[in-house]
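Asks: Take a look at this one; I'll ask things after.
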Amino acid sequence: MRSLFATLGVSIRQNRGFYGALAMFCIIYFFYHVLHPRGFSTNVLVANANESVALAFVAMAQAIPVLIGGLDLSVGAVMTLTACIASGLLHGSPEQIVFGMVVTVLTGTAFGFFNGLVIVLGRLQPIIVTLATGAIAMGFALLVRPSPGGRVDGDLNWALTNSLREFADVYGLADGGRADWFQPVAWVPVPLIILFGVAALVWVPFRRTVTGRTLYAIGSAEGAAYMSGLPIARAKIAAFTLAGFFAGCGGLYLAIQTSTGNADIPQAGAYTLNSIASVVLGGVSLLGGIGSAIGALIGALILRVISFYFRILAIDPLLQPLVEGIVLLLAVSLGAVRALRVKNRLELFR
Amino acid sequence: MNAIINRIKPDDFPILIAGGFVVIILLAGTAYTMTVMGTAPLLTPNYLMTQLQIGAFLGIAAIGMMMVILLGHIDLSIPWTMAAAAMMATSVGGPAAIPTGLAIGLLVGLFNGFGVAYLRIPSMIFTLGVDTVLRGLMVAHTGGYAPQTEATELMRWLASGRVLGIPNALFVWAAIALIIGVVLQRTAFGRAIYATGNKEAAAYLSGIRTRWVIVGSFVVCGLCAAAAGMLLAGYSTRAYQGMGNAYLLPSIAAVVIGGTRILGGSGRLTGTVVGVILIVLLNSVLSIMQMPEAGRQIIYGTVIVGMLLVYGRNAKITS
């Protein structure tokens, strides 16, 4: 028992940013439900989950390049591109739908792989390469879908954007969602299962591999990682490929949720900037080496909950952007406490 | 041949390549117009002047961005600094309009510099927050609509008037470029910017007040953004929501195409000017070719990656 607490203590000390973000999310989301007239209900949970999933995926996509000290300015554009592709493929027979999903996610992954190749083989700065490839992704998105539109299977849209009960009802599982053993989990929103499922199945195992650990080593000290014989090039390419994969997942979900694809350049830019904010809120250091994709996921949820508050607190819509900005500034300024406490000013410099 | 290449300074190399590419764009565009229309509008002085006039807004914003990138930082608050300065200037009006706009830029720059230099918050996220706050302030101020107040005579004259057939906006751009060029090359502040961008710890230990240098650069960037915003308002006779949004990414791209290292420490002002000209001409040639938006985005991205592959490569990290 004692060793369990000791392990937890070490984990908390090593991941202060992450646990801080988690605590902050729990607190503000709890009070959101307290203040909400229909709080603590499945409907509210499902609605909130639906609005958060795309940003959460994009935030995870952003977190991985940030871990190696880079930045991916193309995540929003890749998400838009994949959403545009998905909006034209997700209908017809079940096989066709699955094929469409695979193509969508593979497109995102391939684009990320391409980013990684250019950055590693060209020895270029990630931020500027992805600025350019983001424009390329938007160009392809406009080619695929010059005007907003698309067709997505209605059952799929309903099943994936509701609680597990509706999912089982649509696909005739567990007696249409009425089986007794099913009731304890029937309220869980499907989008949350997708989000945490993908994070647990892809990010968590990856982090434990040599390539995954190399990401952290590169972010901390690339020279030292090189001298230790770690696979730098492979890890960098893997980081951007994974970023493309998560952005593809985000685009796929966005297309299913909205049933349309829209090559909207301002929207893609907003997703990219929000993903950076999420990453910082989730305790990932922009200098690299500290944090995790799960932290960025929590950061995205925090960012979304802040905007949910506007609906129940009846804040003047004209003041919403201002409040949003001030909250963001205050949240990132919390990190400044470290700068004011430091004794040797040389430690402040990179 | 090799002797000539060896005599080119490494800093000038990107400028030469980008300049060469500008010529190639002009020739390709002219070849296109000659075959399709049988005329060469691209090479007429009037057309070039008009393009440079439009490029002046991006050019001024990019100069400010360069000051910050030289330090290894970035300023994402440029779009709404432009809009805020333009909106406040038009709503104050009269002779106080331009000083008001510049004061907004100064305040934003001071605040950005304070957050980055003293609180040590990464510029990427701090300026993003400032941008959101500015957007919020302007939405609250204008009610979310385009302000009805018009730009003053002086703003309109500076942005769209001409003296001796040359647009005034070009004079403003040239004047700012000249001042910043002298500051960067000939003053202690300019040298301190390069030193701080190269290695802040070393600059600090050599007695440079690096925090003041950072604040100073952000102030210059804010002032440049404010000037660009007011000129843009003068050009379109009024300020409007989101007027600066189209200037953020191109200004970063122009600075980097011009050979400035995105991590800071090296880069020439001439390069940034050439980078802006390249982007503006590329856009206008593509619009003459009636290239759809999709093709433009793809070509735009490919050109940036291509230019970087030629001269933007880093040394391999091996120790």
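Asks: Tell me, yes or no, whether segment B:151-158 has at least one residue that is facing chain A (nearest Cβ under 9 Å) and farther than 16 Å from B:TYR247 by Cβ.
Replies: No, segment B:151-158 contains no residue that is facing chain A (nearest Cβ under 9 Å) and farther than 16 Å from B:TYR247 by Cβ.
Asks: Hey, can you tell me all the residues within segment A:186-245 that are under 16 Å from the mean Cα position of the chain (by Cα) and of a type in the set (S, T, N, Q)?
Replies: Correct list: A:THR241 only.
Asks: What's the total number of residues in segment B:108-118 that are surrounded by fewer than 18 Cβ atoms within 10 Å (Cβ to Cβ) and more than 8 Å from every other protein chain (Cβ to nearest Cβ)?
Replies: Residues meeting the conditions: 2.
Asks: Then there's this: Hey, among A:VAL279, A:VAL284, A:VAL305, which residue is under 17 Å from the mean Cα position of the chain (by Cα), outside any helix (DSSP H, G or I) and touching a residue at least 60 places away in the same chain (Cβ under 8 Å)?
Replies: None of the other options fit; the residue is A:VAL284.
Asks: Within segment A:324-344, work out how many residues are modelled with pLDDT of 70 or more, facing chain B (nearest Cβ under 7 Å) and touching a helix residue (DSSP H, G or I) at 6+ places or on another chain (Cβ under 7 Å).
Replies: 6
Asks: Output the residues belonging to segment B:300-310 that are surrounded by fewer than 19 Cβ atoms within 10 Å (Cβ to Cβ) and either of a type in the set (Asp, Glu) or more than 7 Å from chain A (Cβ to nearest Cβ) (or both).
Replies: B:GLY306, B:VAL310 - these are the residues of segment B:300-310 that are surrounded by fewer than 19 Cβ atoms within 10 Å (Cβ to Cβ) and either of a type in the set (Asp, Glu) or more than 7 Å from chain A (Cβ to nearest Cβ) (or both).
Asks: Moving on to the next point. Which of the residues belonging to segment B:119-129 are of a type in the set (A, V, I, L, M) and either more than 7 Å from every other protein chain (Cβ to nearest Cβ) or more than 21 Å from the chain's Cα centre (by Cα) (or both)?
Replies: B:LEU119, B:ILE121
Asks: Can you run down the residue pairs with Cβ atoms below 8 Å, 6 or more apart or on separate chains, where the first is in segment B:131-148 and at the interface with another protein chain (Cβ under 8 Å from one of its Cβ atoms) and under 10 Å from A:GLU324 (Cβ atoms) and the partner is assigned to a helix (DSSP H, G or I) and among the acidic types (Asp, Glu)?
Replies: B:THR132/A:GLU324; B:GLY136/A:GLU324
Asks: Exactly one of these conditions fails for A:ALA255: (1) in a helix (DSSP H, G or I); (2) out of contact with any strand residue (DSSP E or B) (no Cβ under 9 Å at 6 or more places or on another chain); (3) surrounded by 14 or more Cβ atoms within 10 Å (Cβ to Cβ). Give me its number.
Replies: (2)
Asks: Follow-up. If I go through segment B:1-55 residue by residue, how many of them are of a type in the set (A, V, I, L, M) and either over 26 Å from B:VAL255 (Cα atoms) or at pLDDT below 80 (or both)?
Replies: Qualifying residue count, segment B:1-55: 12.
Rundown of residues vs (1) within 11 Å of another protein chain (Cβ to nearest Cβ); (2) touching a Leu at 6+ places or on another chain (Cβ under 9 Å); (3) at pLDDT below 90, yes/no style:
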| site | (1), (2), (3) |
| --- | --- |
| A:PHE114 | yes, no, no |
| A:LEU124 | yes, yes, yes |
| A:PHE140 | yes, yes, no |
| A:LEU160 | no, no, yes |
| A:SER163 | no, yes, yes |
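Asks: List pairs: first in segment B:25-54 and among the β-branched types (Val, Ile, Thr), second modelled with pLDDT under 80, Cβ under 7 Å, 6+ apart or cross-chain?
Replies: B:THR30/B:ALA40; B:THR30/B:LEU42; B:THR30/B:LEU43; B:THR33/B:THR39; B:THR33/B:ALA40; B:THR33/B:PRO41; B:THR33/B:LEU42
Asks: From A:ILE315, A:ILE298, which residue is modelled with pLDDT of 80 or more and among the β-branched types (Val, Ile, Thr)?
Replies: Just a single option satisfies the conditions, and that option is A:ILE298.
Asks: Just a yes or no: is a residue in segment A:145-153 assigned to a helix (DSSP H, G or I), within 14 Å of another protein chain (Cβ to nearest Cβ), touching a Gly at 6+ places or on another chain (Cβ under 8 Å) and within 30 Å of B:PRO292 (Cβ to Cβ)? It would help to see each step written out before you state the result.
Replies: If we filter segment A:145-153 for residues that are assigned to a helix (DSSP H, G or I), which is where we start, we get none.
So far as segment A:145-153 goes, no, none of its residues is assigned to a helix (DSSP H, G or I), within 14 Å of another protein chain (Cβ to nearest Cβ), touching a Gly at 6+ places or on another chain (Cβ under 8 Å) and within 30 Å of B:PRO292 (Cβ to Cβ).
The values are calculated or read from the model by the stated rules, or taken from the named source; none is laboratory data. Note that this is a predicted model, so its numbers are computed, not measured. When we count neighbours, we look across all protein chains shown, and the Cβ atoms used for this are built from the backbone with ideal geometry, even at glycine.
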